[in-house]
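One structure is given below, encoded as structure tokens.
We did not get these values from a lab; they are worked out from the coordinates using the rules stated. For clarity, every value in this text was computed on a predicted model and none was experimentally measured. Counting neighbours? That spans all protein chains shown, and the Cβs are built from the backbone with ideal geometry, glycine included.
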């Protein structure tokens, strides 16, 4: 999952440069807060997945290829197992940790991109969907490689998506800086309002003699 963290890093760096040089089109945000939010969401969702993995102990789809049987009573029955950790990993299929990691962090990144872009709402939605689609691709690749069952991946998606929405809802206000109107703009608007009020008074009904 090194590629995924590189995506986080480069996206945050590019977004910081864009909001620095093109503030008209991109909202100001706090890069370290965004990075911390992603780390927290990835960490806690991974803890939940790890608990379920150890509790269920479901065999992976490739256990037959490794042990030549689905009825395995110990490591000695698996000729292709190289270590104890590899053997126990064969029985940690549900839910998928890769699917959870792909969806949790990438969902936050997608929601961030959609809000980060000020103009062209549809463009922001399409661009923000790219990280989420990447998370789905990660989960699908685990099924293709016979590392997980389809419902393993689905369960990982659910855990990651729920934690992503919770983390985004809590931290969204801290990630983006509040935009305030410049003081000069407020001062310039006051004389104009006074001028409009005077103009309305002068345009009152005339007195016919």
Original post:
Okay, which of the stretch 134-173 sit inside 20 Å, backbone N to the point 7 Å along the Cα-Cβ direction of residue 54?
Top reply: 156, 159-160
**OP:** Quick one: check the C-alpha center-to-center distance for the stretch 134-155 versus the stretch 108-131, whole angstrom.
**Re:** 25
Subject >> Cα gyration tensor category, rounded, prolate or oblate, for the stretch 1-57 with a/c compared to 1.5 >> reply: prolate
Original post:
What is the order of 170, 49, fewest Cβ neighbours within 10 Å to most?
Top reply: 170, 49
Subject >> Mean Cβ neighbour count within 10 Å, used as a protection proxy, ranking 100-106, 20-26, 139-145 highest first >> reply: 100-106, 139-145, 20-26
Subject >> Alpha carbon Rg of the stretch 1-143, scaled by the compact-globule rule 2.2 N^0.38 Å >> reply: 1.37
Original post:
With each label point set 7 Å from Cα along the Cα-Cβ vector, what nm distance links residue 120 and residue 21?
Top reply: 1.7
